[in-house]
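The values are calculated or read from the model by the stated rules, or taken from the named source; none is laboratory data. Since the model is a prediction, treat every value here as computed from it, not as a measurement. FYI the Cβ positions are ideal-geometry reconstructions off the backbone, even for glycines, and counts take in every protein chain you see. To get the accessible areas, we keep the full protein, side chains included, count just its heavy atoms, and leave off ligands, DNA and RNA. Shrake-Rupley method; radii C 1.70, N 1.55, O 1.52, S 1.80 Å.
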Amino acid sequence: MTDTTTGKELAGSGPTVAPTGGAARAVVTTTSERADVPLVGNDESDKFELRLQHAVSGFVDGPRAAVEEADQVVEAIVARFAETVRERRRTLRTSWQDTEEKADTERLRLALRDYRELAERLLHI
């Protein structure tokens, strides 16, 4: 995990192993790698910014329509964030809710760390 004030990697924040369909297969990602990935992709973010800029530039000619358009952009951004967080939670749940075997303490520790990272990230948006 990265300290948000210094940008430095915190001790004890090694790689996370996330199952991808079987106990023998795993993808390793680090918390700092995930923290660098935006919740909304660049292409999508650019589209939202263009829509918002369109709303702002149309204010003089149609103030109400501009504000309504801005409201729709924010609604779409919130919906996309919610979808992204749902997907991330689903991935986190599968990392520790193993139906075939009990999740070991290390897997649970890593899951808790990843939940904490996600919560902190959401709180700092």
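Of all residues in the stretch 80-125, how many are over 11 Å from the mean Cα position of the chain (by Cα), of a type in the set (A, V, I, L, M, F, W, C), open to solvent by 50 Å² or more (accessible area, probe 1.4 Å) and modelled with pLDDT under 90?
Counting residues in the stretch 80-125 that are over 11 Å from the mean Cα position of the chain (by Cα), of a type in the set (A, V, I, L, M, F, W, C), open to solvent by 50 Å² or more (accessible area, probe 1.4 Å) and modelled with pLDDT under 90 gives 2.
Return the residues of the stretch 28-75 that are modelled with pLDDT of 90 or more, assigned to a loop (DSSP other than H, G, I, E, B) and either surrounded by 12 or more Cβ atoms within 10 Å (Cβ to Cβ) or of a type in the set (A, V, I, L, M) (or both); say none if nothing qualifies.
Passing the criteria: Gly58, Phe59, Val60, Gly62.
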